[in-house]
Amino acid sequence: MYRYMQSDLSQFTLRTNKKLLKKFRFAADYNARSANREIEVLMKKYVNEFEKSMAKLHLNNLYIQLLINKLSFLTTYKSITTN
């Protein structure tokens, strides 16, 4: 189980459809998690999959790394589509 210091926590507001949120809360409860914890688990899975398919993200140069990855993808895509 992950434990965070209060200074490590950030707040994030999510706007979504009421029916979707009710269904999500049911699924989270089924997994014995709060909706907040379920979102955190899903975010971690998503980031792990993203890092597997793209590149490891480092917070100190995150935006630079994302830009490099995007430019690399666009360059590759352009060479594939023009050939």
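The values are calculated or read from the model by the stated rules, or taken from the named source; none is laboratory data. Computed from a predicted structure; not experimentally measured. As a convention, Cβ positions derive from the backbone with ideal geometry for all residues, glycine included, and neighbour counts pool all protein chains shown.
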Considering the stretch 17-58, residues that are closer than 30 Å to Asn69 by Cβ and small (Gly, Ala, Ser), and then whichever is surrounded by the most Cβ atoms within 10 Å (Cβ to Cβ), we arrive at Ala55
Inside the stretch 19-56, the number of residues satisfying the requirement of being part of a loop (DSSP other than H, G, I, E, B), of a type in the set (D, E, K, R) and at pLDDT 95 or above is 1
